[in-house]
Amino acid sequence: NISDACPRSAQGHQSQCHTDCTCADIQFSDRNYSLERVQALQAQATAAGLNAIYEPGPGNGCPAGIANCRISVGSTGNHFHTEKRKI
C-alpha cells in the first residue's frame with residue numbers, strides 16, 4: 001500500500017521529495033515486516049532502479065540483516081521510503 005506520495009499527506013513530513021513528487025512511502029497491508037519480506041522488497045526495488053529504505057516504527061531500531069534502514073524521529077510506523085536510486 002502507498003501510505004504517502006504526492007502531494008504529501010502527512011502533516012509536517014520531513015522529506016522534501018514528497019513535496020517534489022519524487023518519492024513515495026509504502027507499507028505492507030498486513031503489517032508483517034519479517035526479515036525475509038523486508039529483504040525481498042528491497043531486492044525487488046533495487047532491481048527496478050529504486051532505493052527502498054526501511055524505516056521502523058517509533059521506539060524500534062534497525063534489525064540486524066537489513067542494510068538499508070533509517071531511524072526516523074517523525075516516523076509514523078514501519079514502512080519503506082522509496083525513491084529513484086542515485087547513480
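The values are calculated or read from the model by the stated rules, or taken from the named source; none is laboratory data. Treat the numbers as computed from the prediction; the structure is a model and nothing was measured. Positions of Cβ are generated from backbone atoms using ideal geometry, with glycine treated the same way; all protein chains shown enter the neighbour counts. For the accessible areas, the whole protein counts, side chains as well, though only heavy atoms, and no ligand, DNA or RNA atoms are used. Shrake-Rupley method; radii C 1.70, N 1.55, O 1.52, S 1.80 Å.
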Calculated FRET value between Asn51 and Val73, using beta carbons and R₀ = 25 Å, to 0.05 | 0.80
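At a Förster radius of 25 Å, what calculated FRET efficiency corresponds to the Cβ-Cβ distance of Cys62 and Cys6, to the nearest 0.05?
FRET efficiency, Cys62 to Cys6: 0.40.
For the chain, what does the helix formula give at 222 nm: sum of -39500 (n - 2.57) over DSSP H segments with n ≥ 4, over the residue count, nearest 500 deg cm²/dmol?
Numbers: 2 runs with 18 residues, N = 87.
The per-residue figure over the chain is -6000 deg cm²/dmol.
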If R0 = 41 Å, then Lys86 and Asn32, at their Cβ-Cβ distance, give a FRET efficiency to the nearest 0.05 of 0.90
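Calculate the translational D of the chain in whole µm² s⁻¹ from Stokes-Einstein, where the hydrodynamic radius comes from the Kirkwood formula applied to all Cα pairs, the temperature is 20 °C and the viscosity 1.002 mPa s. Please list the in-between numbers first.
Working: Rh = 13.1 Å.
For the chosen part, D equals 163 µm²/s.
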For Cys21, Cys69, write out the residues from largest to smallest accessible area, computed with a 1.4 angstrom probe and no ligands counted.
-> Cys21, Cys69
Largest first, what is the accessible-area ranking of Glu83, Glu55 with a 1.4 Å probe?
-> Glu83, Glu55
So how much accessible area does Tyr54 have, in Å² to the nearest 10, using a 1.4 Å probe?
-> 10
Just need the relative contact order of the range 15-70 here, percent rounded to a whole number, with Cα pairs under 8 Å and 6+ apart.
-> 25
